[in-house]
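Values quoted throughout were computed directly from the atomic coordinates according to the rules given, and no laboratory measurement underlies them. Because the structure is a prediction, the values reported are computed rather than measured. Heads up, the Cβs are rebuilt from the backbone with ideal geometry, glycines too, and the neighbour counts pull from every protein chain shown.
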Amino acid sequence: MKNFSDLHLKPEILNALNAMNFTEMTEVQESAIPAVLSHKDIIVRSKTGSGKTGAFLIPIMQIITGGQGYPQAIVLVPTRELALQVNAVAHSIAQKSRIRTTVVYGGASINVQVQNLRNGIDIVIGTPGRVLDLVERGALKLDKIKHLVLDEADLMLDMGFIEDVEAIISMMPENEQRQTLLFSATIPTELSSIARRYMKFDAVKINIGKEESVTVSTITHSYYVAGGRSKFSALLGYIDKFNPKKCIIFTSTQREADFVHDFLRSIKYNAIVMHGGMSQAKREQSLHAFKTHATFLISTNLAARGLDINDVSDVINFDAPEDPRTYVHRVGRSARMGKDGRAFTIFKPDEEHLKRAICKLANVNISKAELDIAKFKDIAIPEMKRNERKFGNGRFSGNQRGRNFYSSGQDRPKNNRYRR
């Protein structure tokens, strides 16, 4: 079974997929969709960018009947950006049917979201915090939910959302009266425990790719060791050598993202920035700019998780992530849907342990990049000094230890309830 036409889908769904140029299923869709159509619970471990969104939306829309006046399915995701993207796909698939979808997330008007729900919605897509807020206000009823999707489940675990997720599930019908679909790039032990508690005992496990492989094989991994201001010379050395077509640069904090953004803009690179300190409207503008014309997107972890951009050629970790799983999710922004990609990480001199941990968990070989950074010092240092006057002196002048260059520690996940 390779094509969607083999699934005997409703004509309106198949026509919508054809209009979206979706004719041939990806590997995860070929494995997951028949299981969902057979009303099985599924646990899917599949790399980011493998077509997971279609793997749950298409069969759910095939099963449910639109126009019932109450939510029949709910999709929980870790970030607003992912919620918006899943809803955009859902809307495109459902446009020729009676199925209605809506998206709910923090940072947007809750009154508008309440009104949308009152209009009769079949599928709700949202972040856990806002979903729980709407439930507590009585605007969202979960007692008739027949399909629950946990998308990017390991990220929800990492970001401290599981308390909210469990509270939401407790308000739904019992396991036997509900179909639960769990999708994740990795399945850590704690996530397996949650699956056992909230899914049927005969849930189908679907592993796409080799068990030990959590990053796609089409990504080339490289690194360079640099600290302080030399990190900017290393950044320019990589850009000069590889000339990325579309690149995401990750930083550890919001302010550092602004710093790198201003630095690249000052030397005439087409760069934009996106992080949690910006309004939702500004973040959506930045995402649109990156998709349409910008070359570089500078972002923090929380803002960039779940982004669905198919043509990212390079991912640069300006700051090496402390958690190897974060590395996996970052580099998963590249090489989507079978394309090639590159991942480059700048490690500080005292971060050899981070490189070893990443190589072990992601099962990758990270080779040292041969870069000529000396010629960029005359460019980097004057611009660095100018930006340091703007953002505060001495930000990168020394080899500071730890991940927190800025005392406020912006954009760090919280272990307690962290509503998005």
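Quote the Stokes-Einstein diffusion coefficient, in whole µm² s⁻¹, for the stretch 112-214, based on the Kirkwood radius over alpha carbon pairs, a temperature of 25 °C and a viscosity of 0.890 mPa s. List each step's numbers first, then the result.
Numbers: Rh = 14.9 Å.
After rounding, the answer is 165 µm²/s.
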Query - Where the Cα pairs of the stretch 42-157 fall when distances are cut into 10 Å bins, in % - result: 14, 51, 32, 4
**Report entry** Directionally averaged projected area (convex hull, Cα atoms, the stretch 4-207), nm²
**Finding:** 10.2
Requested in this report: Determine the relative contact order of the stretch 174-290: mean sequence separation of Cα pairs under 8 Å and six or more apart, normalised by residue count, in whole percent.
Outcome: 13
**Report entry** Kirkwood Rh (inverse of mean 1/r, distinct Cα pairs), the stretch 219-391, angstrom
**Finding:** 16.1
Query raised in the report: Using the Cα gyration tensor of the stretch 31-102, with a ≥ b ≥ c the square roots of its eigenvalues, what is the shape: rounded (a/c below 1.5), prolate (a/b larger than b/c) or oblate (neither)?
Result: oblate
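Could you work out the relative contact order of the stretch 1-143, using alpha carbon pairs under 8 angstrom and six or more residues apart, expressed as a whole percent?
Working: 202 pairs, mean separation 33.6, N = 143.
Over the stretch 1-143, the number comes to 24 percent.
Roughly how big is the stretch 1-145's charge dipole about its Cα centre, with Cβ charges of +1 (Lys, Arg) and -1 (Asp, Glu), in debye to the nearest 20?
Values: 15 positive and 11 negative charges, 50 e Å.
That gives a dipole near 240 debye.
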